[in-house]
1. With r defined as the distance between the Cβ atoms of Lys75 and Val101 and R0 fixed at 25 Å, what FRET efficiency is calculated, to the nearest 0.05?
2. Residue separation times 0.36 nm, minus the C-alpha to C-alpha distance between Asp94 and Arg58: what's the value?
3. What number, in percent, do you get for the relative contact order of the chain if the mean sequence gap of Cα pairs under 8 Å and at least 6 apart is divided by its residue count?
4. Using the beta-carbon distance between Val13 and Met83 and R0 = 30 Å, what value does 1/(1 + (r/R0)^6) give for FRET efficiency, to the nearest 0.05?
5. Pairs of lysines 8 or more apart, or on different chains, with alpha carbons under 29 Å: count those in the chain, would you?
6. Could you give the nm distance between label points at Asn120 and Leu2, where each point is 7 Å from its Cα heading toward the beta carbon?
7. How much length is gained on full extension from Val37 to Ile67, taking 0.36 nm per residue of separation minus their Cα-Cα distance?
Amino acid sequence: MLYTILCYNQEEVVGAWTKEEDDACMVRLKAVQDDLVKQGKLGPVARLLPTTAATTLRKGSDDPIVIDGPFAETKEQLLGFYMVDVASLDEALDIARDLAVANPGVGSYEIRPVQLFFPNGNT
């Protein structure tokens, strides 16, 4: 089963890390990723650019509105995601726990099952 692990944290906190703090976090996260690669469970991983680089298309009317930045004002922002191919939600939660240990500070990991969609009908 495919799961996505959505990584939320306070963007201003993570953005304020020194290069050394960021590099140290990336080393710890890479150790978790390397273990998942060896097990054949890691899919795409992405670290998103800051929300200042985001654009939102807000629908709800006949003419959607395009605005700069994310739509919602929240304390935590979506900073990236992992795709993992595991047998169960419990296994995905174990991976999220490992990521939480590797990544200091507050934040959260949202785990969601993924249903693949292939527009051309291939599976």
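1. 0.70
2. Working: separation 36, 0.36 × 36 = 12.96 nm, distance 3.49 nm.
Gain on stretching Asp94 to Arg58: 9.5 nm.
3. Answer for the chain is 47 percent.
4. That gives a FRET efficiency of 0.75.
5. Pairs that pass both the separation and distance tests number 7.
6. Reported label-point gap for Asn120 and Leu2 is 1.6 nm.
7. Length difference between fully extended and current span is 7.0 nm.
Every number here is computed from the coordinates shown, using simple stated rules; none is lab data. In this text the structure is predicted, and so the values were computed from the model without any measurement. Quick reminder, even Gly has a Cβ in these numbers, built from the backbone with ideal geometry, and neighbours come from all protein chains shown.
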